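Only one structure is covered here, and it is reproduced in the block below.
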Amino acid sequence: MRVGPEREQGGGATATLEREDHQAVVDATPAPAIAGGWDLPAPLDGARRWIALVVLCVGQLMIVLDATVVNVALPSIQRDLHFSQASLAWVINGYLITFGGLLLLAGRLGDLLGRRRVFLAGLVVFTVASLLCGLAPTEGLLIGARFLQGIGAAVVASMVLGILVTLFPRPQQTATAMSIYAFVASAGGSIGLLVGGALTQALNWHWIFFVNLPIGAVAVVLAALLIPDHQGIGRRGELDVGGALLVTAAPALAVYTILQASDGGWYSVRTIGLAAAAVALAAAFVVLESRLRNPLVPLRIFRARNVVGANAVRALFPIGLFGSFFMGALYLQHVLGYSALGTGLAFLPMNLCVSLFSLFLTARLVSRFGAKRLLVPGLTLVAAGLALYARAPVDGSYLTDVLPAMLLMGAGAGLVFMPSVSLAMAGSGTRDSGLASGVANVALQMGAALGVAVLASISNARTNDLLAHGASRASALTSGYHLGFAIASGCVLLAVVVAAAVLRTPKPHPEAKPVAPSAGEARP
């Protein structure tokens with residue numbers, strides 16, 4: 001199955017995910033599916049094919065929107081459902097963890113059961129979960145519904161591009177369809193922030209989830225009518241359910257450990273015990289994958305230096321990007337007093353920079369200078385933007401204290417997405433290209449989830465400590481955000497070091513194909 005989506009996007013965050021210059025389709029499913037081959041259905045003719053493309057784009061747009069739409073509504077959700085600042089991170093991370101953790105398993109399910117069937121199931125799960133999110137009266141129910149929403153998002157994202165290339169088999173048609181799809185996916189993050197702000201301010205935060213209901217219902221009906229059926233390989237295939245559960249459970253427990261540490265203490269028996277359990281789950285995943293004949297993630301892929309280095313970069317980079325969304329939205333509303341809509345508009349320049357660089361500039365620069373030479377300055381720009389954010393004062397000005405940081409991060413992120421996924425897949429042949437793409441997506445989503453958890457926990461602890469010593473609320477919050485932004489900047493600088501020291505300019509693999517970024521990433 002040919003699929004793909006960085007957002008990785010999470011974050012979520014995402015993601016969710018890079019789609020520059022769309023030269024070809026990225027395979028985002030495990031290698032066994034590709035090697036086995038499928039009995040592909042005949043593509044649709046005429047206008048029905050393009051309507052089907054719209055349905056696929058709508059499905060992708062919904063999942064990209066939900067990686068960012070929640071950020072501007074976080075203060076309202078926190079107030080109404082009585083979240084602490086640390087536990088508020090679960091509203092983001094519940095989505096990102098299941099989204100990233102289940103992408104590979106969802107792709108394999110498409111192999112076994114058929115793409116259309118799995119895509120429809122994903123749309124239904126996502127839409128029902130959106131309803132549950134909107135109706136949630138407590139923080140626990142909202143977090144649970146966000147986990148369910150992430151499951152639906154993983155299923156949808158893992159199917160979209162595989163269906164697309166069967167609808168448009170000719171190279172010119174594929175390029176046109178991919179360009180349309182990529183524009184929708186890239187613009188989704190910006191639309192999400194604006195839609196989230198407008199709905200929260202005009203109605204309430206519940207409507208950022210309710211808006212998915214009519215869209216999802218129409219998409220389900222049209223997808224059932226227009227998308228060609230496909231018979232999966234059925235019981236002939238193997239499904240590594242244990243690996244999927246472990247790769248999702250380990251980071252989920254790690255996130256829980258980090259978030260509860262801000263209240264329970266980093267060196268408490270409880271925190272240390274939970275951390276040990278998370279490490280044990282991760283170790284169990286490695287052991288399981290090393291023993292299965294057809295594992296979810298064959299460990300051979302990590303023998304390649306660039307795969308290890310690029311995925312380390314993709315795990316560190318979203319700590320800064322998604323951290324800026326999470327803490328930036330809270331700073332703008334809690335400290336500077338912005339409305340939800342004003343916050344969405346404030347983020348618009350950053351997201352426009354990401355989209356413009358990604359769609360029109362990065363691919364050309366990579367062709368001229370190489371992926372590594374572009375990745376290092378891109379990461380440096382993101383780190384510099386976060387460092388500027390870490391100096392924003394209590395009475396900060398948007399034009400002098402916020403906008404410059406956002407422009408630097410937007411330009412840097414736009415330069416990072418494509419080179420990072422290209423390097424993560426560098427040298428992989430047909431057999432492992434889908435696996436490499438899927439692992440790259442998982443690295444970004446899990447990095448975002450763990451990063452947001454760390455930043456939320458540390459900034460919350462800093463704020464509470466200052467409040468206990470008599471600081472004003474605005475001053476304590478700002479100081480907590482400063483610490484979070486500084487740590488995020490440090491993580492991105494560490495990514496710069498890894499990129500410079502570990503990554504090598506790849507030599508073309510005899511079986512390698514040009515790739516566009518994958519489709520499951522949560523992009524800003």
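So the values come out like this:
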| item | result |
| --- | --- |
| J(HN,Hα) series, the stretch 392-397, from Karplus relation 6.51 cos²θ - 1.76 cosθ + 1.60, nearest Hz, glycine and proline x | 5, x, 4, 9, x, 9 |
| Sorted peptide list for 445-456, 128-139, 489-500, 376-387, criterion being average Cβ within 10 angstrom, highest first | 445-456, 376-387, 489-500, 128-139 |
| Relative frequency of Cα-Cα separations exceeding 37 Å in the stretch 31-502, percent | 23 |
| Positive minus negative residues near Val220 (Lys, Arg vs Asp, Glu; Cβ under 13 Å) | +2 |
| Shape of the stretch 222-369, Cα gyration tensor, a/c cut at 1.5 | oblate |
| Listed residues Ala249, Met418, Ala129: farthest to the positive end of the dipole of the stretch 31-502 (Cβ charges) | Met418 |
| Estimated distance in nm for a label pair at Val269 and Ala283, the labels positioned 7 Å out from Cα along Cα-to-Cβ | 2.1 |
| Modelled FRET efficiency - R0 22 Å, His469 with Arg79, Cβ distances, 0.05 increments | 0.35 |
| Segment Arg300-Arg373, length gained on full extension (0.36 nm per residue, minus Cα span) | 23.6 nm |
| Residues whose placed amide H lies under 5 Å from that of Ser84, excluding near-sequence neighbours | none |
| Extension gain (nm, one decimal) between Ala224 and Ala500, 0.36 nm per residue minus Cα-Cα | 94.6 nm |
| Student exercise, the stretch 31-502 dipole from Lys, Arg, Asp, Glu Cβ charges, in Debye to nearest 20 | 1080 |
| Under the Karplus curve 6.51 cos²θ - 1.76 cosθ + 1.60, θ = phi - 60°, whole-Hz ³J(HN,Hα) for the stretch 270-284, x wherever Gly or Pro sits | 4, 5, 5, x, 5, 4, 5, 5, 5, 5, 5, 5, 5, 5, 4 |
| Sequence-distant residues sharing a close amide H with Gly114 (under 5 Å, placed H) | Gly232, Ile233 |
| Sites Leu352 and Asp395 - FRET efficiency at Förster radius 25 Å, r taken between beta-carbons, to 0.05 | 0.40 |
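No lab work stands behind these numbers, since they all come straight from the coordinates. As the structure is a prediction and not an experimental result, all values here were calculated from the model. Don't worry about glycine lacking a Cβ; one is built from the backbone with ideal geometry, like all the others, and counts go over all protein chains shown.
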